[in-house]
Amino acid sequence: MPTTLRIALLAGVLALVSNLIVLGFIQYRTHDEALSEQRRQVVEQGTVLADVYRTGGMPALVDGIEDTVTYGDPQTAVALFDGNGKLVLGNLAAMPTTHGAVREGYQSALLRLEHQTAPREAAIVAHKLPRGEWLISGRTVGYGLALRETLERSLLIALIVAILLGLVCGLILAQFVGRRIGKIVAVTDQITGHDLTRRIPVSDGGDAFERLGRQINEMLDRISGLMEELRMVTDSLAHDLRSPVSRLRSAAHAAAEASDPAERDQQLSSVVKQSDSLMRILTTALEISRSEAFTSRSQFSRFDVGQLGAELSEMYEPVAEEAGATLRFHEPEQPAELFGHRQLIAQAVSNLVENAIRYAASGETIDVTVGEDGRRLSISVADHGPGIPEERRAEALRRFGRLDSSRSEEGAGLGLALVRAIAHLHDGELVLEDNKPGLIAVLHLPLRGA
């Protein structure tokens, strides 16, 4: 069944059900109000006739019954019966039939007026007079029956109208939904045709279609970013591997051609060095990919980041001294526990410290600080080197994002990219700030339970 027809039928069913509920409520309320009004009239009429008898005796009661029969409406029933149930006066053909014997007070009964051939349902009030006579007054429920018949006819008409209106509203709704979805399909068709610049038009509304459009646009932005990053990674990888591979080939060729053992050993040592450089580039790129694809938390555990920072600082102190710098660790005031991957966090902090040592000037101090503010834990590494201009910090965080365009310095531009990937794995972020002079690399990680 086409979606348009299904929506139309659904709208028709909903309209039908809503009309049935409304009509049922109207019938319920109208029926109750009609019964209440009928009881009030019957009780009031019976009370008046009983008061007439008490004040004026039987002659006054006879006059009252005759006036009621003469001037009352066709639904009014009033009569006086003797003790044996024989009619004395009134417009009833016989004593009313009730569930059991007639008793004093308000009750339902079947009675037949003198001009009717079949008994009808009625509400009556019976009063037993001192000499044994029965004073019967009441009203038939013809009004309630007529109302019920009218509602039943109205219900049939309402069903037909509800079905027709529901189908029409459903078709209009289906056309509206179809147009909104058609816009999305048109954009996806253009994207399928390799035009990733297209986006679904959205407004400031908050309906489901607007939310869907924004989600699709965000997904397309993410896909475009990944494709652009993939292109940059491919270009950068090819560019960065070209020189080491060329040097490796040249060193291997020179080693093969060398006749002097000392020269051959020197060339073979160069081959090993270039191979190690290639291995570092490929290993770091693989670690970034693994960190970005890592989704399981099975290897996460609680550990003290302050203790980890102290261990790494102690390990890198000799390296910093060889470079002419001083590495200083600022221990937190209280244990800074984190639920995360200890080995990956250690790798991220090591990369930041190695970068700081590489660019720190002789005689300067490198500060490693661990702290928390109740919501997140921060690990910062600050140096006083050349720093990174604010407009180029985003480039420094990309894979193979080397600020040295000549590629003359050692490295592949993967260190900060790996740190950022590890931060994202822990739902955190890597922020680069100005140390005036130098750079502060801050790793923000949210605190959460296991």
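In segment 323-336, the qualifying residues are those that are under 15 Å from residue 305 (Cα atoms) and touching a helix residue (DSSP H, G or I) at 6+ places or on another chain (Cβ under 7 Å), and the one that is least open to solvent (accessible area, probe 1.4 Å) is 336. Has segment 22-36 got any residue that is under 30 Å from residue 176 (Cβ atoms), among the aliphatic types (A, V, I, L, M) and open to solvent by 70 Å² or more (accessible area, probe 1.4 Å)? Checked against the condition, which is being under 30 Å from residue 176 (Cβ atoms), among the aliphatic types (A, V, I, L, M) and open to solvent by 70 Å² or more (accessible area, probe 1.4 Å), segment 22-36 yields at least one hit. The set of residues in segment 18-68 being closer than 26 Å to residue 88 by Cα and at pLDDT below 80 consists of 38 alone.
Quickly run through segment 191-202 and pick out the residues that are closer than 17 Å to residue 212 by Cβ and either part of a helix (DSSP H, G or I) or of a type in the set (Lys, Arg) (or both). Of everything in segment 191-202, those that are closer than 17 Å to residue 212 by Cβ and either part of a helix (DSSP H, G or I) or of a type in the set (Lys, Arg) (or both) turn out to be 191, 198, 199.
Scan segment 80-101 for residues that are open to solvent by less than 80 Å² (accessible area, probe 1.4 Å) and over 18 Å from residue 141 (Cβ atoms) and report the count. Number satisfying all stated conditions: 11.
Taking residues in segment 106-119 that are in contact (Cβ under 8 Å) with a residue 60 or more places away in the chain, and partners anywhere that are of a type in the set (Val, Ile, Thr), the pairs with Cβ atoms closer than 9 Å and at least 6 places apart or on different chains are 106/42; 106/43; 106/124; 106/125.
Taking segment 119-140 as the range and being of a type in the set (D, E, K, R) and open to solvent by 30 Å² or more (accessible area, probe 1.4 Å) as the test, the residues that pass are 120, 121, 128, 131, 139.
Inside segment 367-400, residues that are over 18 Å from residue 444 (Cβ atoms) and modelled with pLDDT of 90 or more make up a count of 0.
Please indicate, with yes or no, whether at least one residue in segment 64-71 is surrounded by 13 or more Cβ atoms within 10 Å (Cβ to Cβ) and among the aromatic types (Phe, Trp, Tyr). The answer is no, given that none of the residues of segment 64-71 is surrounded by 13 or more Cβ atoms within 10 Å (Cβ to Cβ) and among the aromatic types (Phe, Trp, Tyr). Looking at segment 69-96, which of its residues are modelled with pLDDT of 85 or more and acidic (Asp, Glu)? Passing the criteria: only 82.
Being among the small types (Gly, Ala, Ser) and at pLDDT below 85 is the filter here; which residues of segment 410-450 pass it?
Hits for segment 410-450 are 411, 412, 413, 415, 417, 421, 449, 450.
Answer yes if at least one residue in segment 321-331 is in a strand (DSSP E or B), within 44 Å of the chain's Cα centre (by Cα) and at pLDDT 85 or above, and no otherwise. Checking segment 321-331: at least one residue is in a strand (DSSP E or B), within 44 Å of the chain's Cα centre (by Cα) and at pLDDT 85 or above.
Does at least one position in segment 35-50 carry a residue that is charged (D, E, K, R), without any contact (Cβ under 8 Å) to a residue 40 or more places away in the chain, in a loop (DSSP other than H, G, I, E, B) and out of contact with any strand residue (DSSP E or B) (no Cβ under 6 Å at 6 or more places or on another chain)? Please lay out each step first, then the result.
The first filter runs over segment 35-50 and keeps only residues charged (D, E, K, R), leaving 37, 39-40, 44.
After this cut, where a residue has to be without any contact (Cβ under 8 Å) to a residue 40 or more places away in the chain as well, the list is 37, 40, 44.
Filter once more, keeping what is in a loop (DSSP other than H, G, I, E, B): none.
No: zero hits.
The values are calculated or read from the model by the stated rules, or taken from the named source; none is laboratory data. Just so it is clear, the model here is predicted, and its values are computed rather than measured. Cβ: placed from backbone, ideal geometry, glycine included. Neighbour counts: every protein chain shown. Just so you know, the surface numbers come from the protein's heavy atoms only, side chains and all, with ligands and any DNA or RNA stripped out. Shrake-Rupley method; radii C 1.70, N 1.55, O 1.52, S 1.80 Å.
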